[in-house]
Amino acid sequence: MIDLHNSDWSGASVKIKDAVSLTPYEYGVEYGSPARGLWNIVHTGMLLPESHQIFVCAQGCLRGVVLTAAEMGAQDRFSTIAVCENNVLDGDMEALIIDGVTDVLRKLPNLPKAVLVFTSCVHHFMGCDLDYVYAKLRERFPQIFFTDCYMYPIMRKTKTPPDPMVRMRLYSFLTRQNIRDEKCVNIIGNNYPTEDSADFVRMLRGAGFELRDITRCRSFREYQRMAHSRLNIAYMPPAIPAVRDLKERAAIDYLYLPLSYDYKEIRENLEKLAGCLDIPMIDTALLEAEAERAVSTAARLLGETPVTIDYTATPRPLGLAELLLEHGVRVRTVYADVFIPEERPVFERLRERYPELELCATVHPKMVLRAGGARAAAAEAGGEPEKVVAIGQKAAYFCDTPYFVNMLEGGGFWGFDGIVHLAEAVCDAVINEKDTKKIIQIKGWGCCC
């Protein structure tokens, strides 16, 4: 039986006081936990209404994306083209894509409005002329919008990994417009719709603005209306390439209002939005008081119960940890393999104020030993496992706890209102057990595209 307290976790775990950078671990072989709630490129691509996805790669690589489409019941919006050995040897990659896509589209009962073509590693290793491919496809099907998407692991360590890339390509059909809807604003780059009660949403609607979001679009025509909006708002880090691309191509300015748990930063973001659009500022004092009451209530209910947080729940797990720690919550561990540069200030503050906070990897090979060990060890010893409240699926998995907040990518919450919702979710997690194993094995949690 693995002793979680006395085992050697070097390389996979470190006290924050000993972490020398925002990338505190070394990596080689990686472990993939069965916490599968995060969306992949198939889920995100399905957000585009009236579209069809076509993946072109070797059959072994197709297995994962095919299963994703099947699991979400979206086989009618998904097709594949298998790259075989003879295609590599004969050098007919361009013809394979052109003829394969043509065959797929001609067999569909109705032509889609847009097609997302995902090419893979082999096309780029062989120097496939994709410009020629898309020119030919647009020539054959002038009534269809085509865009280039990518599924190749070599992008994972680049400046634009597959996830931000597909979020950017989703908006590639929005073009520069001469007429603007001055009272319309887009929310860009999210997988989940933003809650109507979010601070900036209430502020915009109070000033008479309409919000447009691909997560709420039900037709391609409705999606295209986003090109006429006055401003783009992004608050998730993977959305930044998308808003930058739209500013360059479609001349739509943007504001980045990052998801934050710092009261001062939330106020500054709201002031930035109010100044940009020249609209009245929302009453942040009242909102802050509501957030403070909610977090204090959660802290009292938690008492001495330890809390763990992971990066799948929020892009700023350290910021959330600081908020809870400052209210007396026993945050024990933050699970993340790397921390975004935006978290540098809070990283330094936590090193100074809470040096014993544990940082733990999720993909390090040693983590295969950590999962499920707590409850098994307690059962073998004839006792009860320690109660731990987890925020995020990976934290719940590694802590082997049924008390967890099932939240991904911020959950569509933002600002003071988002803190209130999160605090309420923590209170619920303290009281009500969940079927952790059943929940975390569902791929792309909440995807209802």
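The values are calculated or read from the model by the stated rules, or taken from the named source; none is laboratory data. Please read these numbers as outputs of a predicted model, since none were measured by experiment. All Cβ positions, even for glycine, are placed from backbone atoms using ideal geometry, and neighbour counts span all protein chains on display. In case anyone asks, the SASA skips ligands and DNA or RNA and just uses the protein heavy atoms, side chains included. Shrake-Rupley method; radii C 1.70, N 1.55, O 1.52, S 1.80 Å.
Brief remarks follow.
- With Cα atoms as the point set, the stretch 58-210 shows a radius of gyration and Dmax of 18.9, 62 Å.
- Taking all Cα-Cα distances within the stretch 382-449, those exceeding 16 Å account for 50%.
- The stretch 184-222 and the stretch 295-331 have their alpha-carbon centroids 28 Å apart.
- Note on surface exposure: TYR134, TYR311, TYR397 rank TYR311, TYR397, TYR134 by accessible area, highest first, 1.4 Å probe.
- On Cα atoms only, tilt of 284-302 relative to the major axis of the chain in degrees: 60 degrees
- Under the combined filter of DSSP loop state and at most 12 neighbouring Cβ atoms within 10 Å, the stretch 64-173 retains these trypsin sites (Lys or Arg not before Pro): ARG156, LYS157, LYS159.
- Across the stretch 272-346, counting alpha-carbon atoms alone, Rg and Dmax equal 15.4, 46 Å.
- Straight-line reach from LYS15: taking Cα to Cα under 30 Å and skipping same-chain neighbours fewer than 8 places apart, the lysines in range are LYS157, LYS159, LYS264, LYS366, LYS387, LYS394, LYS434, LYS437.
- Directionally averaged shadow of the stretch 200-270, computed from the convex hull of its alpha-carbon atoms, nm²: 5.4 nm²
- Measuring between their Cα centroids, the stretch 9-25 and the stretch 45-68 lie 36 Å from each other.
- Principal axes of the chain: Cα extent on each, largest first, Å: 66, 57, 38
- Average accessible surface for the chain: 44 Å² per residue, computed with a 1.4 Å probe over protein heavy atoms with every protein chain in place.
- Of ASP245, ASP278, ASP262, the one that fluctuates the most in a GNM where the chain has Cα springs shorter than 10 Å: ASP278
- For the stretch 56-105, Kirkwood radius (reciprocal of mean inverse C-alpha pair distance, Å): 11.7 Å
- Using C-alpha pairs below 8 Å separated by at least 6 residues, the relative contact order for the chain is 22 percent.
- Separation of alpha-carbon centers, the stretch 113-153 and the stretch 383-449, rounded to whole Å: 38 Å
- For the stretch 75-217, the relative contact order works out to 17 percent when only alpha carbon pairs closer than 8 Å and six or more residues apart are counted.
- Look at the alpha carbon pairs under 8 Å that are at least 6 residues apart: their mean separation over the length of the stretch 195-343 gives a relative contact order of 18 percent.
- Calculated [θ] (222 nm, deg cm²/dmol) that DSSP helices of n ≥ 4 give over the chain, each run adding -39,500 (n - 2.57): -11500 deg cm²/dmol
- Figure legend: label point modelled 7 angstrom from the Cα of ASP181 along Cα→Cβ; residues of the stretch 229-259 with amide N under 16 Å from it are 229-233, 252-253.
- Counting only aspartates and glutamates at least 8 places from LYS438 when in the same chain, those with an alpha carbon closer than 16 Å to its own are GLU71, ASP400.
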